Structures are given as C-alpha cells and as structure tokens.
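Here is the structure we will look at.
The values are calculated or read from the model by the stated rules, or taken from the named source; none is laboratory data. Values in this document were obtained by computation on a predicted structure and should not be read as measured data. Virtual Cβ from ideal backbone geometry, glycine too; neighbours counted across all protein chains shown. All accessible areas refer to the heavy atoms of the entire protein, side chains included, with ligands and DNA or RNA removed. Shrake-Rupley method; radii C 1.70, N 1.55, O 1.52, S 1.80 Å.
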Amino acid sequence: MYRSSNIVARIFNRQICTPPPGTSVHHARCFYENLVPSYTIYEVECPDHLFRKFTDDGQYLISFSRNYQELIVYRPRWLSFSCKDEDCDKHDLPSRAKRFDSFFTQLYCVPLASCNELICKDFFLYLESQQFGLFATSTPAQVSDAPAAGGAVHGVPSIEKITFHLLRLEDGEILDKKVFCNDFVNLTHNTGVFLYDDLLAIVSLRYQTIHVLQIRDAGNLVDVRAIGEFCREDDQLFLNSNAQGMAFSDKIKQLQFPGNHIENHMHQGQSNPENSFLSGIKQRLLSFIFQGLWNEERDETLRIQGLRKKFYFHFQDYVDLIIWKVQFLDRHHLLIKFGSVDGGVSRNADHHPAFVAVYNMDTTEIVSFYQNSADELYLLFEQFCDHFHATSRNLTYMNFISSHSNNIHAREQLRSIKDKASNPSQFVKKMLASLPFSCQSQSPSPYFDQSLFRFDDKLISATDRHRQSTDHPIKFILRRRPYSLKFKIKPGPEAGSMDGRAKKISSFLFHPILPLALSVQQTMFLQPSVNIHFRR
C-alpha cells in the first residue's frame with residue numbers, strides 16, 4: 001500500500017489505525033523511510049583516531065589512537081545551532097556546526113596497551129545489559145615456527161602475550177583482565193571470540209582449547225570450563241588418579257621381578273607420542289562418526305566395508321582436524337568448525353576442506369557433524385539462518401537484521417545467485433564458509449533493513465567490513481512505491497579523488513537508532529577523509 005512521504009500524515013495515520021498483532025515494531029520501523037541521513041558534511045575536522053564502531057545500543061562510539069595504545073570513547077549527541085531567519089533549511093550550516101565535536105562528546109581516554117603491546121583494532125565486543133566493553137591487546141610479533149611444546153599444534157603461530165580487557169564504558173574503568181601467554185587467538189573481526197548473553201567463548205588455536213568464561217555483573221571474568229584436551233571438569237582428575245594407580249602397580253611388579261627393573265624404568269622415562277591420548281573433543285568426534293557409520297548398515301559385512309572406506313581410510317584425516325572457530329547456538333550448544341592446520345591460520349580458508357559440528361556442553365556429546373559442502377546443512381542454513389545468528393534474548397532490535405530466512409528480498413537475491421551459479425557444490429561451499437558467524441559482525445541499523453531500502457550490497461552492507469571505495473555515491477532506494485531515491489552515502493571528498501588510480505578503502509559506521517552515519521575513506525599515504533551523514 002502506498003504510504004505518504006509526509007511524516008505528519010504518517011503520524012496521524014498511526015493515531016487512527018492499529019497495526020495487526022505482532023507487527024507494531026515493523027510499522028514503527030517504517031518511519032525510517034521518512035527519517036534518513038540525507039545531508040552530508042564532507043571532510044569533517046576531527047581527531048586523528050581510528051573509529052571502530054557504534055555500540056549496538058547507540059550509547060557510545062568506540063575509537064582508538066593511531067599508535068594503538070589508547071581507547072577513546074565518545075557519546076553521540078545531536079547537532080544543535082541557532083538561526084535567526086524563518087527558513088533555516090535554505091542556509092548553510094555555520095562553521096562550528098561542521099566540526100566533529102558538534103556531533104560527539106569525548107567521555108574519556110584510557111591507556112589500554114602496555115609499552116610492548118598494541119590494541120587489536122578489529123576486535124571489540126559489547127555486553128549491553130551491563131554496558132561492558134571487551135577489548136584485546138597483544139604483542140605485535142608472531143613466531144610462525146614456534147616449537148610445538150606442551151601440547152601445542154605444530155604449524156600454528158605463537159603470540160607472546162594476548163590480554164583481554166573488560167571495561168565499564170560508562171566511566172572507562174578496567175574491571176578485569178584475562179591473559180594468554182605464548183598462544184594464538186584469531187582476533188580479526190572477532191573471529192576467535194564469541195559472546196552470548198554473559199557467556200564468553202575464546203578459542204585457543206595453538207592449544208586447541210575452547211575457554212568458556214562468564215562475565216559477572218560485578219565485572220569479573222570467571223572461568224566456567226575448558227573444552228579441548230578434557231571435556232568434563234573431572235576428566236583430568238580421573239586420568240591422573242588412574243596414572244598414579246598404574247605407576248603404583250608397575251612399582252610392585254619391579255619389586256617382585258628385580259631383573260626387569262632397568263628395562264621398565266627406561267620405558268617409563270621415555271614418552272612415546274604414538275601412544276598418547278587423543279584430546280577429549282577429538283575422541284567425542286571420532287566416536288560420533290563411527291557410531292553414525294555403524295548404524296547406517298545392518299548387514300555385518302556391508303557394515304565392515306563401509307567402516308573401512310569411510311572411517312578407517314580417513315581416520316588420520318579426522319585425527320589431524322583442528323578447531324578453527326566457535327559460536328554459541330544457545331547456552332548449552334556450541335557450533336564448532338574443524339579443518340586443517342593450514343586453513344586455521346590462513347586469511348582465506350574458503351578453498352580448504354572444513355567440517356561443522358554441534359557440541360552439547362552439558363552432555364559433552366557431538367550432536368551432529370557435517371562437511372561444509374553438505375546439501376542438508378545448506379538447507380538448514382537457507383531456511384533457519386536466524387538460528388545461527390545467536391543473540392541475546394533481551395536485544396529486540398537485533399532480531400530485525402535482514403537475512404534470507406526472514407526477508408523475502410534477501411531470499412530472492414540468494415536464489416538468484418544460486419540459479420546463476422555454474423557449480424552448485426562450490427556455491428554451497430561458499431555460502432557455508434561463513435559458518436560459524438562472527439560475533440556482533442552486523443549493524444542493526446534500520447537503513448540496512450532490506451524490507452525498507454534497496455542498495456548495492458557490493459559497495460555497502462550491514463556486515464562490518466572494509467569495502468573498495470568508489471567515487472560514485474551509494475544510493476538507498478525505497479522498496480515500496482513510489483520506489484524513489486531517499487538518500488545517498490558518498491565517502492571521501494565531495495569533488496572526488498584527485499588520483500583515480502590510488503587504491504581507496506572505505507568503512508561505514510551507522511548509528512543503530514538515529515539517522516546518523518560516519519564514512520571513513522582511507523587512501524595510501526594520505527590522511528583519512530571522514531564524512532558525517534545525518535538528517536538536517
């Protein structure tokens with residue numbers, strides 16, 4: 001149905017009409033079709049900081065100093081200025097109104113990194129219920145050929161020190177820290193860390209351990225469990241008690257048979273890696289695969305043949321799998337991605353074979369296991385994509401992020417891409433490469449709602465990523481009649497770049513509630529160009 005572009009008419013219509021049950025939020029969001037960031041201030045005078053993102057509740061703008069030592073937090077505020085004339089819209093903004101501090105107020109500046117550490121600029125997680133922020137610092141040097149000692153995986157680099165800082169964003173007080181030494185956690189775009197409600201999962205790639213922590217209301221990071229070498233809390237105690245019992249038994253045998261004392265002692269002192277236990281999570285995985293293949297056939301001969309082809313032939317391949325990435329599905333289940341060592345440390349792991357498993361933390365069992373090219377997993381991903389975007393139960397607005405399982409326009413776009421794909425298997429593998437999803441990687445801004453606006457997702461999208469910049473403005477067009485152009489977002493100078501050959505990268509920071517956005521264009525060897533887009 002055609003809706004008036006006049007916001008007064010829409011408010012009057014809201015007063016006299018009641019939306020159908022369960023659609024009141026959808027109807028309220030339609031007001032954003034009238035409230036758009038249609039005015040741009042180009043090349044704003046602003047501090048030379050690296051702007052990270054708005055928090056999901058819109059209360060804070062997170063930024064870092066250029067030397068990656070300090071955290072600077074701003075509070076967004078709306079522009080205000082006086083005008084003596086009757087029609088102020090016809091006049092240009094005063095010079096003071098075009099400054100960065102007219103839109104943002106600096107709350108504090110906190111030194112976060114020590115002298116030998118740097119802030120990880122691509123990592124930030126926000127716990128809205130307590131307004132806590134989680135940041136990370138690390139030593140810059142990576143030792144790529146570090147010796148695999150103490151259970152470490154060979155081929156995974158080592159970072160001397162990684163520190164997670166829990167801050168109260170209201171005043172910048174550091175509440176707690178969690179330190180990992182000589183380890184490797186993938187912090188790029190929050191890849192190796194996932195936050196669900198008050199539970200935090202940190203993946204140690206080097207030691208193949210999923211550290212599950214709880215963030216208490218008082219601001220403490222409390223260890224809940226570590227999943228990897230052991231799955232239950234008492235696994236290590238059980239194995240140690242058995243090892244002591246075996247050692248005691250061997251000692252009695254040595255006293256009974258003194259002639260074998262030297263030989264037995266020699267065997268005890270030598271560690272044989274071939275006889276070492278597999279990790280607890282790997283044993284659970286192998287057991288699940290074995291049981292699944294065992295139950296496929298009832299005939300004993302066919303069962304043995306199937307196990308030889310599908311299990312024993314690939315046994316070493318399964319053993320060599322490592323944990324790449326983890327996300328919570330709920331408070332009890334984890335979605336774990338397994339793959340090769342090369343894929344775990346590679347920037348682009350799409351061409352590496354990978355597997356996805358659902359793990360129950362309470363029962364310590366693998367619930368399901370798929371290869372990342374499985375059609376069955378793709379159908380689940382296509383129909384129930386929102387279930388993979390695990391978000392807090394209290395964050396209502398996060399449920400309106402467009403996906404192909406909740407938005408007909410996104411679904412049609414996905415099916416169009418699928419129909420054009422020359423290789424269906426490669427298409428499925430490419431789509432499933434995004435699983436598990438990175439935590440808090442999408443903006444909840446209503447301007448990315450595909451039921452409201454249409455835009456070129458190659459140039460801009462809700463996903464928190466840098467984009468190849470263009471001198472042409474990015475258009476946001478109404479999905480409904482009259483299908484008109486509502487606003488444009490143009491990064492960089494108003495007149496365009498002087499050197500068209502220079503490579504330019506743009507990032508976009510949309511406020512989750514207000515018609516306010518920042519576009520930052522970075523060109524090699526030049527100062528970043530910051531534009532502010534807002535509704536005047």
Of the residues in segment 57-87 that are in contact with a Lys or Arg (Cβ under 9 Å, 6 or more places away or on another chain) and at pLDDT below 90, the one that is surrounded by the fewest Cβ atoms within 10 Å (Cβ to Cβ) is F81
Looking for something farther than 25 Å from F184 by Cα and among the hydroxyl-bearing types (S, T, Y) - is there at least one such residue anywhere in segment 292-314?
yes
Tell me, which residue of segment 420-447 that is within 21 Å of F384 (Cβ to Cβ), assigned to a helix (DSSP H, G or I) and not aliphatic (A, V, I, L, M) is farthest from the chain's Cα centre (by Cα)?
P424
Write out, first by first residue and then by second, each pair whose Cβ atoms fall under 7 Å of each other, whose residues are 6+ apart or on separate chains, and whose first residue, in segment 121-138, is acidic (D, E) while the second is modelled with pLDDT under 95 and open to solvent by 40 Å² or more (accessible area, probe 1.4 Å).
D122/T188; D122/H189
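Going through segment 404-419 one residue at a time, which ones are open to solvent by 40 Å² or more (accessible area, probe 1.4 Å) and part of a loop (DSSP other than H, G, I, E, B)?
Result: N406, single match.
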For segment 33-56, which positions are charged (D, E, K, R), under 23 Å from N399 (Cβ atoms) and open to solvent by 20 Å² or more (accessible area, probe 1.4 Å)?
K53
Report yes if Y318 is surrounded by 12 or more Cβ atoms within 10 Å (Cβ to Cβ), over 21 Å from L380 (Cα atoms), among the hydroxyl-bearing types (S, T, Y) and at pLDDT 90 or above, otherwise no.
yes
Hey, can you tell me all the residues within segment 1-13 that are farther than 19 Å from L514 by Cα and loosely packed, with under 15 Cβ neighbours inside 10 Å?
M1, Y2, S4, A9, F12, N13
Only one of (1) assigned to a loop (DSSP other than H, G, I, E, B); (2) at pLDDT below 90; (3) within 30 Å of the chain's Cα centre (by Cα) does not apply to P19, and that is (3)
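Can you name every one of the strands (runs of 3 or more DSSP E) wholly within segment 158-250 that holds 3 or more residues which are of a type in the set (G, A, S) and open to solvent by 40 Å² or more (accessible area, probe 1.4 Å)?
none
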Subset of segment 505-528 (residues that are open to solvent by 10 Å² or more (accessible area, probe 1.4 Å) and over 14 Å from I460 (Cβ atoms)):
P512, I513, L514, P515, Q522, T523, M524, F525, L526, Q527, P528
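Residues checked against (1) in contact (Cβ under 8 Å) with a residue 24 or more places away in the chain; (2) farther than 17 Å from F51 by Cα:
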{"residue": "P493", "(1), (2)": "yes, yes"}
{"residue": "P512", "(1), (2)": "yes, no"}
{"residue": "F525", "(1), (2)": "no, yes"}
{"residue": "V530", "(1), (2)": "yes, no"}
I'd like to know if segment 346-354 contains one or more residues that are open to solvent by 30 Å² or more (accessible area, probe 1.4 Å), within 22 Å of V193 (Cβ to Cβ) and of a type in the set (G, A, S).
yes
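Rundown of residues vs (1) modelled with pLDDT under 90; (2) touching a Gly at 6+ places or on another chain (Cβ under 8 Å); (3) of a type in the set (S, T, Y), yes/no style:
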site	(1), (2), (3)
F427	no, no, no
L432	no, no, no
P446	no, no, no
T470	yes, no, yes
K475	no, no, no
G492	yes, no, no
Determine if segment 387-396 includes at least one residue that is more than 26 Å from L200 (Cα to Cα), out of contact with any Asp or Glu (no Cβ under 7 Å at 6 or more places or on another chain), at pLDDT below 90 and in a loop (DSSP other than H, G, I, E, B).
no
Please name all residue pairs, on different chains or six or more residues apart, with Cβ atoms under 6 Å, provided the first residue is in segment 188-199 and is free of Cβ contacts under 8 Å to residues at least 12 places away in the same chain and the second residue is among the aromatic types (F, W, Y) and open to solvent by less than 10 Å² (accessible area, probe 1.4 Å).
none
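Which residues, taken from segment 97-149, are outside any strand (DSSP E or B), within 23 Å of N182 (Cβ to Cβ) and of a type in the set (A, V, I, L, M)? Spell out how you get there, then give the answer.
Residues of segment 97-149 that are outside any strand (DSSP E or B), as a first pass: 97-98, 100-103, 112-117, 120-124, 128-131, 139-141, 144-149.
Now restrict to residues that are within 23 Å of N182 (Cβ to Cβ): 112-117, 120-123, 139-141, 144-149.
Passing the criteria: L112, A113, A141, A146, A148, A149.
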Restrict the check to segment 291-302 and report whether at least one residue is in contact with a Leu (Cβ under 8 Å, 6 or more places away or on another chain), without any contact (Cβ under 8 Å) to a residue 60 or more places away in the chain and not hydrophobic (A, V, I, L, M, F, W, C).
no
State which residue pairs qualify: first residue charged (D, E, K, R) and inside segment 84-100, second residue loosely packed, with under 15 Cβ neighbours inside 10 Å and at pLDDT 80 or above in any location, beta carbons under 8 Å apart, and separation of 6 or more residues or different chains.
D89/R536; K98/E45; R99/E45
Considering only residues that are closer than 18 Å to L516 by Cα and in contact (Cβ under 8 Å) with a residue 60 or more places away in the chain, look in segment 454-477 and name the one that is least open to solvent (accessible area, probe 1.4 Å).
F476
Note: among E376, E300, E365, just one is loosely packed, with under 12 Cβ neighbours inside 10 Å and touching a strand residue (DSSP E or B) at 6+ places or on another chain (Cβ under 8 Å), namely E376
